[in-house]
1. What is the diffusion coefficient of region 12-99 in µm²/s, taking the Kirkwood radius over Cα pairs and the Stokes-Einstein relation at 20 °C with a viscosity of 1.002 mPa s?
2. What does the charge count around LYS58 come to, taking other residues whose C-beta lies under 13 Å from its C-beta (Lys +1, Arg +1, Asp -1, Glu -1)?
3. Can you list residues whose amide H is under 5 Å from PHE137's amide H, if they're 5+ apart or on another chain and H is modeled 1.01 Å from N?
4. Taking the Cβ of GLU36 as the center, what net charge do the other residues with Cβ under 10 Å away carry, scoring Lys and Arg +1 and Asp and Glu -1?
5. With +1 assigned to the C-beta of every Lys and Arg and -1 to the C-beta of every Asp and Glu, and no other charges, what is the dipole magnitude of region 51-132 about the Cα centre in debye, to the nearest 20?
6. Short version: what are the Cα gyration tensor semi-axes of the chain, square root of 5 times each eigenvalue, largest first, in whole Å?
7. Kindly provide log₁₀ I(q)/I(0) values, in the same order as q = 0.14 Å⁻¹, from the Debye equation applied to equal alpha-carbon scatterers of region 51-132.
8. Among GLN51, VAL66, LEU97, pick out the residue whose Cα is farthest towards the positive end of the charge dipole of the chain, where Lys and Arg carry +1 and Asp and Glu carry -1 on C-beta, about the Cα centre.
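Just so it is clear, none of the values below were taken in a lab; they were calculated from the coordinates. Predicted model, so just to flag it, every value in this text is computed and none were measured. Quick reminder, even Gly has a Cβ in these numbers, built from the backbone with ideal geometry, and neighbours come from all protein chains shown.
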Amino acid sequence: MLLCLAPTIAMGQPGVVRGKLNLKDRGGKSAPDLSEAVIWLEGAKGARPGQVEIATRKKELIPGVVVVAPGSSVAFPNHDPFNHNVFSVSPDAPFDLGLYGRGETRSARFDRPGIVPVYCNVHAQMWAVVVVLESPFVARPGVDGTFEFGGVPAGTYTLSAWHNRGGHTARKIEVAAGGLTGLELALDASGHRHTAHLNKFGKPYPSEGRRY
């Protein structure tokens with residue numbers, strides 16, 4: 001659920017949209033991975049494609065969350081002394097990089113907006129998420145949940161927030177010429193339960209027989 005608590009219209013230029021995200025964890029505590037959230041303004045376009053990197057290191061995909069514009073490429077260098085097979089079965093950007101070893105890098109292109117989970121077909125615990133957005137107004141909250149967009153033109157936008165455990169929420173906002181501050185967003189991860197994903201063939205990962 002997303003709440004907008006008594007927003008105020010800021011005075012002066014440039015237009016700034018500012019607020020705070022609250023992510024509730026179990027026991028009503030604030031989630032320690034709050035900075036992994038992504039907040040953006042839908043209704044604006046112009047994000048430029050580029051290239052970012054998600055490394056495989058110690059059986060992890062690092063960083064776990066990246067944000068790119070449509071048309072961007074993501075490189076997946078392997079720094080482990082064994083093979084990985086990075087893949088996604090997301091309808092927004094399905095790909096399969098195949099097995100590749102230490103020192104090799106393979107890349108995937110992300111052309112459509114969406115939230116794309118990425119896994120390794122060898123190690124079930126490895127995951128990452130590529131968030132593909134057209135908007136140039138994207139923020140990652142600080143450890144205290146605060147976020148800010150600068151230079152936002154006046155207009156109607158959809159303010160969206162997403163977190164891997166807290167889900168997605170959105171609402172319409174009106175940004176005046178001076179900006180908008182005092183926004184409060186809320187996501188709830190307290191009921192999240194880990195669900196094992198399937199491998200690239202749509203089957204459970206084998207529990208025995210893996211050598212590394």
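1. 130 µm²/s
2. Neighbourhood net charge equals +1.
3. Those lying under 5 Å, H to H, from PHE137 are LEU41.
4. Once positives and negatives cancel, what remains is +1.
5. About 140 debye.
6. In descending order, the three semi-axes are 35, 20, 13 Å.
7. Debye curve over Cα of region 51-132, log10 I(q)/I(0) at q = 0.14 Å⁻¹: -0.38.
8. LEU97
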